[in-house]
Amino acid sequence: MKKDYETTLPAPYRWRDWAAPYDRSKEANEIIKNKEQGWKRCELDSKSLGAYLEWVNDDLFPFLKALKDKRNATEKQKIVSEIFITKEKTILTSVNNLQDALDKVHAIGEASISQQHIFPISQAFEGLLPSLGEKKNDGGQFFTPREIIRLIVEIVNPQLGGKVYDPCCGTGGFLIEAYKHLLEQNPTPTQVQELKTETFWGREDADEAIPILLANMVLHDIDQPRVWHGNTLTNAVSYGELFKGAPNTYDTILTNPPFGSKEGKSAQAAFAYKTGKAQILFLQHIIDSLAEGGTCGMVIDEGVLFHTNTAAYVQTKRKLLNECDLFCIVSLPNGVFVNAGAGVKTDLLFFTKGKRTEKIWYYDMTLTDDFRPRKVNKGNPLELKHFDDFKRRFALPDGHKDKVSERSWYLTREEIEDRKYDLKAVNNNAPDFTDKRTPAELYKVIQDAQKEIEKELAELMKE
């Protein structure tokens, strides 16, 4: 962009001052006087034993947390401040352990000099998220399998120039994957600048997710994550400075609202159809936040689709079908979210705002290639390659003979209304492999097997 770089952090709070290793073959006074790499670290090491940790906890952390309150604070300074806002001190209580960790990160940073290794830190960072879910720690609730995110982004296919939004963005997986997708569209330098600063918007309430979210996005080269820290449904804000200038509606929404989450009266007050089920409220928020002609791809608890006994569920689904073209529902097998500590059965919804739904194309991912139930668990995850048949059929135009198969079918508007807005995927096209034998026939099979066993035992006794 031919612009001068604006420093985000002053000395001695820059990485190269306090964190980077210094040349131990030189005199400390020389390193400090010439402000060489690691000079602040060298200065602190020259003092008392606990000086380094004390400075990190009592000086560095408070300084970084207060950056957002600085007069004329830049967007990057606000982001840095938010990353550290819930952190009081480092969890490493040994100077040696802390400096060893810093040296490892510094070495990774120095290695990141080619396109091939441009994301080593972020890849390692994201690699920790599934394991957090396996251990049922806080990070698991924010983890959506990367294969599911990639599929949704590919199907929705966001375009350059649009605004992308996730109302419950967790650690930012959808926004980051959308950024990668848009970079593949050969943006101009001006468009790249827009992608880094004005394209990706998100909301997240959980304090523990915010530092991971912001760090994850920055490490993936999104310079200014437009993240609103607060409750999306109640509109109660913890920190909204990064969200200033947000549009009222968005061209693309990619999201996975939390399963099983409950909301009180304060959240329900803002919505036409009131219920404590957060996913129903999020669905209303998503429809209202989608621009005319905009498209949404989302994960949803299958219970929302088939539940028809509560007015808010039916009213919200009717709103979806009246205001949007719900063009595809993918039925996922059980166990897709097992690594995130959730066993709930889920589906994927894809819809575009501006035209009512006349029919829905369904695809059943619960079956394998030989039409047996697909088993998904930690050792046998659902992978992107398993969606090849879905993607091939999805790309076919309506009316093509291969659009309907043993795994795919249509449901018309009339059929949906007859079902009282029960949108659950019910596959009547799959081959029936159930055992059709009568109890009498099964009993005869058992008797014949028993006779065969007795005969073989008799032969063995003779020998």
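Please treat every number below as a calculation from the coordinates, not as lab data. Small disclaimer: the values here were computed from a predicted structure and weren't measured. Backbone-built Cβ (ideal geometry, glycine too); neighbour counts: all protein chains shown.
When LEU332, LEU44 are sorted by how many other C-beta atoms sit within 10 angstrom of their C-beta, beginning with the fewest, the order is LEU44, LEU332.
For segment 213-227 and segment 162-200, write down the distance between their C-alpha centroids in whole Å. Distance between centres, Cα-based: 10 Å. Can you pick out the pairs among LYS65/LYS104; LYS68/LYS265; LYS277/LYS319; LYS317/LYS353; LYS40/LYS89 whose Cα atoms lie more than 21 Å from each other? Those over the limit are LYS65/LYS104; LYS68/LYS265. A DSSP coil position with no more than 16 other Cβ atoms inside 10 Å describes the following chymotrypsin sites (Phe, Trp or Tyr not before Pro) in segment 1-51: TYR5.
Give a quick list of trypsin sites (Lys or Arg not before Pro) in segment 188-253 that DSSP marks as loop, anything other than H, G, I, E or B, with at most 14 other Cβ atoms within 10 Å.
Filter output for segment 188-253: LYS244.
Coupling constants for segment 52-60 follow from the phi torsions by the Karplus curve (6.51 cos²θ - 1.76 cosθ + 1.60, θ = phi - 60°), and in residue order they are 5, 5, 4, 5, 4, 7, 9, 10, 4 Hz; glycine and proline get x. Taking other Cβ atoms within 10 Å as a rough exposure proxy, THR275, THR86 sort from fewest to most as THR86, THR275.
FRET efficiency for the pair THR197 and GLN37, taken as 1/(1 + (r/R0)^6) with r the Cβ-Cβ distance and R0 = 30 Å, rounds to 0.50. Projecting the Cα positions of ASN96, ALA19, ALA73 onto the charge dipole of segment 15-111 (unit charges on Cβ atoms of Lys, Arg, Asp and Glu, taken about the Cα centre) puts ALA73 furthest along the positive direction.
Sorting the segments 314-326, 261-273 by their mean number of nearby beta carbons within 10 angstrom, highest to lowest, gives 314-326, 261-273. Computed from point charges on the beta carbon alone (+1 for Lys and Arg, -1 for Asp and Glu), the dipole magnitude for segment 126-418 about its Cα centre is near 460 Debye. Highest mean first, the peptides 167-180, 296-309 sorted by other C-beta atoms within 10 Å per residue fall in the order 167-180, 296-309.
Counting only residues at least eight positions apart within a chain, or on another chain, the lysines with an alpha carbon under 21 Å from that of LYS375 are LYS345, LYS385, LYS391, LYS424.
So, counting K/R as plus one and D/E as minus one, what does the shell of residues with Cβ under 12 Å around LEU457 add up to? Show your work: numbers first, answer last.
Numbers: positive: LYS451, LYS455, LYS462; negative: GLU452, GLU454, GLU456, GLU459, GLU463.
Net of charged neighbours comes to -2.
Shape of segment 126-418 from its Cα gyration tensor (a ≥ b ≥ c, root eigenvalues): rounded if a/c is under 1.5, otherwise prolate when a/b > b/c, or oblate? Rounded, since a/c falls under 1.5. Mean separation of Cα pairs under 8 Å and 6+ residues apart, divided by the residue count of the chain: what relative contact order is that in percent? RCO, the chain: 10 percent. For GLY170, no residue has an amide H sitting under 5 Å from its own, ignoring neighbours fewer than 5 places away on the same chain, with H placed 1.01 Å from N. Against the main long axis of the alpha-carbon atoms of the chain, helix 209-219 sits at an angle near 70°. Shape call for segment 15-111 from the C-alpha gyration tensor, a ≥ b ≥ c root eigenvalues: rounded (a/c under 1.5), prolate (a/b greater than b/c) or oblate? Prolate, because a/c is 1.5 or more and a/b exceeds b/c. Each Lys or Arg adds one and each Asp or Glu takes one away; over the other residues whose Cβ falls under 11 Å from the Cβ of CYS168, this sums to -2.
What share of the DSSP beta bridges in the chain is antiparallel, in percent to the nearest 5? Before the final figure, lay out each step's value.
Values: 24 of 42 bridges.
Antiparallel: roughly 55 percent of the beta bridges in the chain.
Rounded to the nearest 10 degrees, the inclination of helix 120-134 to the longest alpha-carbon principal axis of the chain is 50 degrees.
Roughly how tilted is helix 311-323, in degrees to the nearest 10 and between 0 and 90, from the longest Cα axis of the chain? Tilt relative to the chain: about 80 degrees.
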